[in-house]
Amino acid sequence: MQQTGTERVKRGMAEMQKGGVIMDVVNAEQAKVAEAAGAVAVMALERVPSDIRAAGGVARACDPRIVEEVVSAVSIPVMAKCRIGHITEARVLESLGVDYIDESEVLTPADEVFHLKKDDYTVPFVCGCRNIGEAARRIGEGASMLRTKGEPGTGNIVEAVRHMRMVNQEVRQISVMSDDELMTEAKNQGAPYDVLQEIKRLGKLPVVNFAAGGVATPQDAALMMELGADGVFVGSGVFKSENPEKFAKAIVEATTHYQDYELIGRLAKELGSAMKGIDINQLSLEERMQERGW
Amino acid sequence: MVMRIGILALQGAVREHLKLVEACGHEALPIKRVDELEQIDGLILPGGESTAMRRLMDRYGFTEALRASDLPMFGTCAGLILLAENVVGLEEGHLGKLNITVERNSFGRQIDSFEAELDVEGIDEKATAIFIRAPHIVSADTGAEVLSWVDDKIVAVRSDRHLGISFHPELTDSTVFHQFFIDMVQKYAEAGFSVGT
């Protein structure tokens, strides 16, 4: 008997993406550039995060036509974003055949209390997290992959670093906790007890955790791998740079060989300028996408 | 004799293969550079994205080195695609080690990915097989022995020193496929063809 949508099949899909780079694209042409550069998947969306920031208003799941265009342009997996808690956007993306859905704080949340019950779906989900409480709740809801929230569309790596360090530090702490300490930790973090038990047993998260939200250079990507990321999402960093093709290739290579500093230096030398960045302190609390999600 | 098994570590599920090789009682090494191929007796090409892996293989000289290499190789999913002589839709196969034609993503998209219990020639127990956007083997030609099927699709083949399967034993706790491959490596090494030191 063949079983689809099992936990192993959904989490396993993300395992296959490890050590790779997933790139935001807004059309078929960009998707082909990403595939040729060695991206392991593309994220189809209407605007990259920095443009979402600039445009303001409500950011929704992208036009199904863009998803279809990207799906038919490349053979690598295609992901797409839906709004937090938007059951119908998620079901529509699933019916379009996307390979992974990102329930994403980059879009305007549709529900300010509840996330999607993701284990109801056959398609797997990725979600953002800043700490072990968010990570464990998303896993409890059925997320098959995690990523740092970072601060999308800023080209500033500081928040992704903060979130990766925080989650990994908390995983290490949980790994050595006694069982009675674990229940109080679950209470304090608002985290499901059984997910924390699984983290303790494994000594790591039960799903892969990628870096996202602010990666703008090959050095940024390599830094996140150094800090323990399983792979990297690049949003605005590729197609808002001076030379997207070169940037895409360089970020892929730097992610694979993240400790080969001579190579990364060579890659970085001829790139031209990266996307223009934003200082986090210039963003008000309302402008910070990472505050979305609960 | 303890065999040294390399896992091509450019992209994909490397850690899982390392663990299963070690669980078989052999030495596992992640391989990131071509010169590291000299230290091993057999090589595993893991699951991942075959187009991404191929690009990195070209960039760092692996394509050429592996085409010329006599190392026993075991490919899972993307690794199977890399080993095939022909790939549907591509002008030329990647490494051309197994005399087969493969088709990529031939069970459908991720939503169609599945797990199943399989009978495999040469393995006594039922094998749990996890198929993720998996390829299948359209035809197995001279020298390639078919080991398993899903419905009318071939999903596992071997030759004298190459093993290729459509699915992911590395996502399970079972070591049967790794042991099967290591037995092939051992047999090859005992015959005196080892390129290891």
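The residues of segment B:59-70 that are at pLDDT 95 or above and either crowded, with 23+ Cβ neighbours inside 10 Å or within 14 Å of another protein chain (Cβ to nearest Cβ) (or both), listed by number, are B:Gly61, B:Phe62, B:Thr63. Within segment B:77-120, the residues that satisfy the criterion of being crowded, with 22+ Cβ neighbours inside 10 Å and polar (S, T, N, Q) are B:Gln110, B:Ser113. When the residues of segment A:245-286 are filtered to those that are modelled with pLDDT under 90 and part of a helix (DSSP H, G or I), the one that is surrounded by the most Cβ atoms within 10 Å (Cβ to Cβ) is A:Ile280. Consider A:Gln290 against the criteria (1) closer than 24 Å to A:Ser144 by Cα; (2) assigned to a helix (DSSP H, G or I); (3) modelled with pLDDT of 95 or more; (4) in contact with a strand residue (DSSP E or B) (Cβ under 8 Å, 6 or more places away or on another chain): it satisfies all of them except one. Which criterion is unmet? Tallying (1) closer than 24 Å to A:Ser144 by Cα; (2) assigned to a helix (DSSP H, G or I); (3) modelled with pLDDT of 95 or more; (4) in contact with a strand residue (DSSP E or B) (Cβ under 8 Å, 6 or more places away or on another chain), A:Gln290 fails exactly one: (3). Please specify each residue of segment A:36-59 satisfying the condition of being out of contact with any helix residue (DSSP H, G or I) (no Cβ under 7 Å at 6 or more places or on another chain) and either more than 13 Å from every other protein chain (Cβ to nearest Cβ) or surrounded by fewer than 17 Cβ atoms within 10 Å (Cβ to Cβ) (or both). Correct list: A:Ala36, A:Met43, A:Leu45, A:Asp51, A:Ile52, A:Arg53, A:Ala54, A:Ala55, A:Gly56, A:Gly57, A:Val58.
Every condition in (1) surrounded by 20 or more Cβ atoms within 10 Å (Cβ to Cβ); (2) more than 11 Å from chain B (Cβ to nearest Cβ); (3) touching a helix residue (DSSP H, G or I) at 6+ places or on another chain (Cβ under 8 Å); (4) not polar (S, T, N, Q) holds for A:Gly12 except the one numbered (2). If the condition is being within 19 Å of B:Gly48 (Cβ to Cβ) and either part of a loop (DSSP other than H, G, I, E, B) or among the small types (Gly, Ala, Ser) (or both), then segment B:109-126 contributes B:Arg109, B:Ser113.
The residues of segment B:117-134 that are on the phi < 0 side of the Ramachandran plot and more than 11 Å from chain A (Cβ to nearest Cβ), listed by number, are B:Asp119, B:Val120, B:Glu121, B:Ile123, B:Asp124, B:Glu125, B:Lys126, B:Ala127.
Each residue in segment A:185-236 was checked for being of a type in the set (Phe, Trp, Tyr) and within 22 Å of A:Asp260 (Cβ to Cβ), and 2 of them qualify.
The values are calculated or read from the model by the stated rules, or taken from the named source; none is laboratory data. Keep in mind the model is a prediction, meaning the values are calculated, not measured. Every residue, glycine among them, receives a Cβ derived from its backbone with ideal geometry; neighbour counts consider all protein chains shown.
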